[in-house]
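Notes follow once the structure below has been shown.
The values are calculated or read from the model by the stated rules, or taken from the named source; none is laboratory data. The model shown is predicted, which means the values in this text are computed figures rather than measured ones. Positions of Cβ are generated from backbone atoms using ideal geometry, with glycine treated the same way; all protein chains shown enter the neighbour counts. Each accessible area value is taken on the protein alone, full model and side chains, heavy atoms only, with ligands, DNA and RNA left out. Shrake-Rupley method; radii C 1.70, N 1.55, O 1.52, S 1.80 Å.
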Amino acid sequence: RPGQNHHPAGPSTPPSSPPTQSLSVQRQLYERDFPLYKQPVEVGHFSLDSERRFFNDARQLRYYVEPEKSCPNFDLRDGYRGRFVKRDDRVKEKLDHILRWILANRSKLQSKDTAASSSPCALGVDIVTWRGHLTKLLTTPYETREGWLLAVTRMGGTLYISEVETEAARRDRENRTERHEEMMYWGYKFEQYTCADDAQSLPDPGGVVNTNEAFCTVVQTRLAEHRLLFSGEVDCRDKDPKAPSPPANYIEMKTSLEISTPKQRSNFYRFKLLKWWAQSFLPGVPRIVAGFRDHDGVVVSVETYHISKISQLIKNETNCWKPTVCMNFCCEFLSFVKSVVTEDNPRVVHLFSWDPHRDVTYSIHSDSQYSFLPDCSDHAVVS
Ligand code: 0WD
Ligand code: CA
């Protein structure tokens with residue numbers, strides 16, 4: 001392969017030299033001090049209704065209601081046939097909802113200095129993306145099974161990052177077993193058992209589960225020199241009116257197989273808690289409520305995990321993941337992207353590609369199937 005490797009933490013590249021061609025994912029390269037990660041600030045939110053329509057408000061935000069018993073016996077299979085409307089996951093929405101939110105809330109973004117000065121960056125942020133895409137970057141140094149494709153376009157000085165489904169992921173999606181399809185429902189059903197529509201009411205386990213519905217927070221933060229704006233789906237909030245302001249009052253709901261052997265416990269810490277930690281740490285969601293279920297989809301216990309305590313929890317685990325490796329890799333990837341994607345053009349996509357046990361590489365595409373931003377002459381796309 002031509003070109004050199006982008007060296008993390010190496011001497012900084014002079015601005016005139018050509019960008020490097022690849023980025024290494026090896027963990028030991030990222031074992032250094034934790035990078036600066038500013039406390040994420042919620043700058044807005046939006047809702048998607050039962051028909052996946054966008055609303056610039058919090059109508060889909062739900063309220064957590066603690067289960068009556070520590071062993072609640074929730075039946076997660078209930079309603080799978082008959083009271084379930086599943087989002088069409090063949091439809092790729094790319095960044096469309098975030099772009100709509102930005103159009104409706106531009107004024108909240110332009111910070112005083114960018115609005116007044118001649119900053120080359122119109123939005124005042126370097127990176128716009130989904131939280132889920134950043135989660136994939138954080139977990140990459142520890143991922144051994146699934147690769148990813150991330151499309152990147154520079155427009156108005158800001159880099160937009162949108163995932164492209166890999167061939168392997170498409171095959172997996174098209175060949176899911178009936179059992180797997182049903183198990184994907186269980187997580188949503190658990191939310192229905194524990195979340196109410198307002199602070200005064202109770203959950204309604206007899207209602208319909210509709211996975212088109214979503215409440216998404218939009219947060220701003222900074223990872224080292226990278227100013228980030230991203231959105232992530234939030235399951236519910238603390239119903240106490242005295243709870244802290246968002247995102248500190250948000251709660252992430254999860255389900256997992258009950259842990260009955262040391263092997264299961266170790267796998268849970270090494271693999272599942274990594275994904276849970278990365279996903280909630282990014283937007284500053286402080287708590288996860290986990291429902292542990294048996295093989296028949298019955299929740300046998302409920303436990304709360306505080307994100308700030310997870311790194312302590314895993315410290316005694318051998319061969320475990322390190323938060324600093326996750327954050328340093330993500331930071332280095334964003335620097336790599338910035339050095340590569342210099343052309344400011346909504347029609348140009350740099351497609352970054354990674355497969356387990358390989359380096360990150362990229363290819364360049366103009367006016368291709370990968371384009372995901374509206375052209376200036378094409379306002380219809382997001383209006
Ligand atoms: O363009 C894309 N490739 C995707 C866009 C893939 C996945 C989601 N989305 C959009 C959807 O609009 C969704 O509402 O992003 C939103 C969620 O974004 P996120 O928070 O950045 O995604 P992530 O952190 O991966 O998932 C958060 C939750 C999931 O909760 P669990 O506990 O399972 O991690 O969002 C839900 C799911 O409840 N979710 C989805 N909902 C609808 N369609 C999808 C999906 N494809 N993926 C995850
Ligand atoms: Ca969840």
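If a residue has to be of a type in the set (D, E), open to solvent by 80 Å² or more (accessible area, probe 1.4 Å) and over 28 Å from L134 (Cα atoms) to count, how many in region 44-95 make the cut? Matching residues across region 44-95 total 2. Considering every residue within region 147-168, establish whether at least one is in contact with a helix residue (DSSP H, G or I) (Cβ under 8 Å, 6 or more places away or on another chain), without any contact (Cβ under 8 Å) to a residue 24 or more places away in the chain and not hydrophobic (A, V, I, L, M, F, W, C). No. Q192 passes all but one of (1) more than 16 Å from ligand 2 (Cβ to nearest atom); (2) crowded, with 20+ Cβ neighbours inside 10 Å; (3) among the polar types (S, T, N, Q); (4) farther than 30 Å from C331 by Cα; which number fails? Looking at each condition in turn, Q192 falls short on (1). Scan region 236-260 residue by residue and report those that are touching a Ser or Thr at 6+ places or on another chain (Cβ under 8 Å) and more than 16 Å from ligand 2 (Cβ to nearest atom). If the condition is that a residue be touching a Ser or Thr at 6+ places or on another chain (Cβ under 8 Å) and more than 16 Å from ligand 2 (Cβ to nearest atom), then P246, E258 are the ones that fit.
As for region 212-223, it holds at least one residue that is over 24 Å from L137 (Cβ atoms) and either within 15 Å of ligand 1 (Cβ to nearest atom) or hydrophobic (A, V, I, L, M, F, W, C) (or both).
If you go through region 336-348 and keep only what is under 13 Å from T158 (Cα atoms) and either acidic (D, E) or in a strand (DSSP E or B) (or both), you end up with E343, D344.
Against the test of being among the charged types (D, E, K, R), at negative phi, buried (at least 18 other Cβ atoms within 10 Å of the Cβ) and out of contact with any strand residue (DSSP E or B) (no Cβ under 6 Å at 6 or more places or on another chain), the options E225, E181, E213, E167 yield a single qualifying residue, E213. Among the residues here, E233 does not qualify as in contact with a Ser or Thr (Cβ under 9 Å, 6 or more places away or on another chain) and more than 9 Å from ligand 1 (Cβ to nearest atom).
One line per residue, one yes/no per condition, for (1) aliphatic (A, V, I, L, M); (2) open to solvent by less than 40 Å² (accessible area, probe 1.4 Å):
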{"position": "I288", "(1), (2)": "yes, yes"}
{"position": "V298", "(1), (2)": "yes, yes"}
{"position": "H306", "(1), (2)": "no, no"}
{"position": "K309", "(1), (2)": "no, no"}
{"position": "S335", "(1), (2)": "no, yes"}
{"position": "H357", "(1), (2)": "no, no"}
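I need the full set of residues from region 241-265 which are touching a residue at least 12 places away in the same chain (Cβ under 8 Å) and over 30 Å from C320 (Cα atoms), in order please. Matches in region 241-265: P241, S245, P246.
Residues in region 250-282 that are open to solvent by 10 Å² or more (accessible area, probe 1.4 Å), of a type in the set (S, T, Y) and within 11 Å of ligand 1 (Cβ to nearest atom): T255 only. Looking only at region 199-207, decide whether some residue is closer than 23 Å to Y185 by Cβ, more than 12 Å from ligand 1 (Cβ to nearest atom) and among the aliphatic types (A, V, I, L, M). Yes, the conditions are met somewhere in region 199-207.
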